Amino acid sequence: MRETESNQTQSPSPDYAATYRDYWSRDDRWGSHSIQDPVAVVQQILTTCGGGSVLDVGCGMGLLVRTLLRQGIDARGMDIAEAPIEEGNRLAPGRFETGSILQIPYADESFQTVVCTDLLEHIAEQDVPTALSELYRVCSRSCFVQIAIAADRDDRWHLTVRDRNWWLQQFLDAGFSRHPLAQNIISIDALKDEGWQVTLLLEKRADDSACPGVSPGADAFARDVPKIVGDNAERAIARVLLASKYVANNDRVLDANRGAGWSAAMLQACSSASEIVGVVQEDLAHWTQQHFANDTLRFVPESQLKEIKSRFGVVIALSQASTRGSLASTIESYRELLEPGGRLILNLLGSATPERLDLLSKGLLVDASYAVGEPKSATPESTGFLRKLAPGEISESAQGMILVLMRDPVGATGENYRERAFPDHLDKPGFHVANYARDLDNP
């Protein structure tokens, strides 16, 4: 090992302070901002990372910090060049400090969220691990990053030009995990078509011990997906994100995926469930409990699944392990765990006709179905990774299906039935619930 290290001679780091002293002295650079719409970026940060203290590393002229301050956020900025920091403090006194990303002048976990836009590509590749370890050190919860993956207009300033997956792997190696809300910012259909700049959303876990090993070919749910780069991980995340949309306020949720618990933790982050019970592999039960469990998220090993007698508003079975055997037996095994009006969400290989689903559904109603295909940018003819099918529609070319089945609420008055409608139109611009002329016929 020592011989290998001695043979690896690294070039000295660039003089970043001198470089960006020159950069900000140029007339065409002074007063410029890399973020075109700071309000939109701030909205992304706040809806995923939440409030709390924020540090913008490489803040430049401080536009993002000032936009955060206007939202009542305790935000500060740091940059290696003195001139923009002086200008920032003139506009927002005491909020800006000079410093290098290679040695951030703040104590460990000083900020709940660390933001870094249009900076990391300006760092030499040999310095990237140090930079990311510093971001990890000073943040306590989340990290929001935007990175250019193409050369700059002068072909001079971008020293590390790499793709999304390379950068994501660097962050995972530094200790970060994917943030559970990352695909709320960049959907799976947009991941391969972001353009010249990519957005990464990471989180810092309280316990970052490695998940016990599983075979490389194992189902994604049996692995620690937030720590994995690749299409299979993104597709598993997209399925769970879809399932989370069917969790109503204060639902009790059973995550029956029998994996490593990450999907249950993601469901908690993406929904307003009152309680989530995750069914996990026997050999992962202890690690999962240590890693994700909290007051409203608990785990049981799969051997105890048959002992669960309580009812749930949503049961989610998307993994290979959770849908063993025939479709009919799978549906039957989960049906009794549903409240009246509750949803069962499961994954199927291939497509299924409405007639076959009616025969297999064991009294459950088909609430919705989604065709699983290729993300939009993967093939020109693709309609997207998850496409909602019209009632009775069959998608012959689908690689699989996501089914949303509902337990019939009729005659359920003695079981505290709760209406669980999820209309698609509530978030459409201009919709108003009291527009009776639109929805009702005048007799």
Q.
For the structure I just gave you, tell me whether Pro212 is surrounded by fewer than 20 Cβ atoms within 10 Å (Cβ to Cβ) and within 28 Å of Cys139 (Cβ to Cβ).
A. yes
Q: Return a yes/no flag: does the stretch 177-194 have any residue that is in contact with a Pro (Cβ under 9 Å, 6 or more places away or on another chain), touching a residue at least 40 places away in the same chain (Cβ under 8 Å), closer than 23 Å to Asp127 by Cβ and surrounded by 15 or more Cβ atoms within 10 Å (Cβ to Cβ).
A: yes
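How many of the residues in the stretch 370-381 are at pLDDT 70 or above and either open to solvent by 50 Å² or more (accessible area, probe 1.4 Å) or touching a Pro at 6+ places or on another chain (Cβ under 9 Å) (or both)? Even if it seems obvious, please write down each step before you answer.
If we filter the stretch 370-381 for residues that are at pLDDT 70 or above, which is where we start, we get 370-376.
In the following step, the residues that additionally are either open to solvent by 50 Å² or more (accessible area, probe 1.4 Å) or touching a Pro at 6+ places or on another chain (Cβ under 9 Å) (or both) were identified as 374, 376.
Qualifying residue count, the stretch 370-381: 2.
Of all residues in the stretch 54-75, which are closer than 17 Å to Leu202 by Cβ and of a type outside the set (Asp, Glu)?
Hits for the stretch 54-75 are Val54, Leu55, Val57, Gly58.
Please note which strands (runs of 3 or more DSSP E) are completely contained in the stretch 292-351 and include at least 1 residues that are surrounded by fewer than 18 Cβ atoms within 10 Å (Cβ to Cβ), touching a residue at least 24 places away in the same chain (Cβ under 8 Å) and on the phi < 0 side of the Ramachandran plot. Let's see the steps before the verdict.
Working: elements: 297-301, 312-317, 338-349.
Those strands (runs of 3 or more DSSP E) span 338-349.
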Q.
Being touching a strand residue (DSSP E or B) at 6+ places or on another chain (Cβ under 7 Å) and assigned to a loop (DSSP other than H, G, I, E, B) is true for just one of Ala265, Ala285, Ala273. Which residue is that?
A. Ala273
Q | Residue count for the stretch 246-278, restricted to those that are out of contact with any helix residue (DSSP H, G or I) (no Cβ under 8 Å at 6 or more places or on another chain), open to solvent by 10 Å² or more (accessible area, probe 1.4 Å), on the phi < 0 side of the Ramachandran plot and not small (Gly, Ala, Ser) | A | 5
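Tell me whether the stretch 419-440 contains one or more residues that are surrounded by 14 or more Cβ atoms within 10 Å (Cβ to Cβ), modelled with pLDDT of 85 or more and of a type outside the set (Val, Ile, Thr). Break it down stepwise before answering.
As a first pass, look at the stretch 419-440 and keep what is surrounded by 14 or more Cβ atoms within 10 Å (Cβ to Cβ): 420.
Adding the requirement that they be modelled with pLDDT of 85 or more leaves none.
The answer is no, given that none of the residues of the stretch 419-440 is surrounded by 14 or more Cβ atoms within 10 Å (Cβ to Cβ), modelled with pLDDT of 85 or more and of a type outside the set (Val, Ile, Thr).
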Q.
Looking only at the stretch 38-63, how many residues end up being touching a strand residue (DSSP E or B) at 6+ places or on another chain (Cβ under 8 Å) and within 25 Å of Trp24 (Cβ to Cβ)?
A. 10
Q: Among the residues of the stretch 141-161, write down those that are surrounded by fewer than 17 Cβ atoms within 10 Å (Cβ to Cβ) and either of a type outside the set (Val, Ile, Thr) or in contact with a strand residue (DSSP E or B) (Cβ under 6 Å, 6 or more places away or on another chain) (or both).
A: Ala150, Ala151, Asp152, Arg153, Asp154, Asp155, Arg156, Trp157
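Quick one: in the stretch 49-66, which of the residues that are assigned to a helix (DSSP H, G or I) and open to solvent by less than 10 Å² (accessible area, probe 1.4 Å) is farthest from Glu109 (Cα to Cα)?
So the residue we want is Leu64.
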Q.
Testing Leu284 on (1) within 23 Å of Ala182 (Cα to Cα); (2) open to solvent by less than 10 Å² (accessible area, probe 1.4 Å); (3) more than 19 Å from the chain's Cα centre (by Cα), one condition comes back false. Which one is that?
A. (1)
Q) Across the stretch 382-418, what is the number of residues that are open to solvent by 40 Å² or more (accessible area, probe 1.4 Å) and either assigned to a loop (DSSP other than H, G, I, E, B) or at pLDDT 90 or above (or both)? A) 18
Q. Only one of (1) open to solvent by 20 Å² or more (accessible area, probe 1.4 Å); (2) touching a residue at least 12 places away in the same chain (Cβ under 8 Å); (3) farther than 20 Å from Pro180 by Cβ fails for Glu355. Which number is that?
A. (2)
Q. Just for the stretch 67-84: of the residues that are part of a strand (DSSP E or B) and open to solvent by 10 Å² or more (accessible area, probe 1.4 Å), which one is nearest to Ser13 (Cα to Cα)?
A. Asp79
(Q) What pairs come out if I take residues in the stretch 118-140 that are in a helix (DSSP H, G or I) and pair them with residues that are open to solvent by 30 Å² or more (accessible area, probe 1.4 Å) and acidic (Asp, Glu) whose C-beta lies under 9 Å away, six or more apart or interchain? (A) Pro129/Asp173; Leu132/Asp173; Arg137/Asp108; Arg137/Glu109; Val138/Asp108; Val138/Glu109
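From the list Glu87, Glu97, which residue is touching a Gly at 6+ places or on another chain (Cβ under 8 Å), free of Cβ contacts under 8 Å to residues at least 24 places away in the same chain and surrounded by 15 or more Cβ atoms within 10 Å (Cβ to Cβ)? Walk me through how you get there before you give the answer.
Values: Glu87 fails: free of Cβ contacts under 8 Å to residues at least 24 places away in the same chain.
Answer to the selection: Glu97.
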Q: Name the single residue, out of those in the stretch 231-245 being in a helix (DSSP H, G or I) and basic (Lys, Arg), that is surrounded by the fewest Cβ atoms within 10 Å (Cβ to Cβ).
A: Arg235
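The values are calculated or read from the model by the stated rules, or taken from the named source; none is laboratory data. Values in this document were obtained by computation on a predicted structure and should not be read as measured data. Neighbour counts run over all protein chains shown; Cβ positions are idealised from the backbone, glycine included. Surface areas here come from the heavy atoms of the whole protein model, side chains and all, with no ligands, DNA or RNA. Shrake-Rupley method; radii C 1.70, N 1.55, O 1.52, S 1.80 Å.
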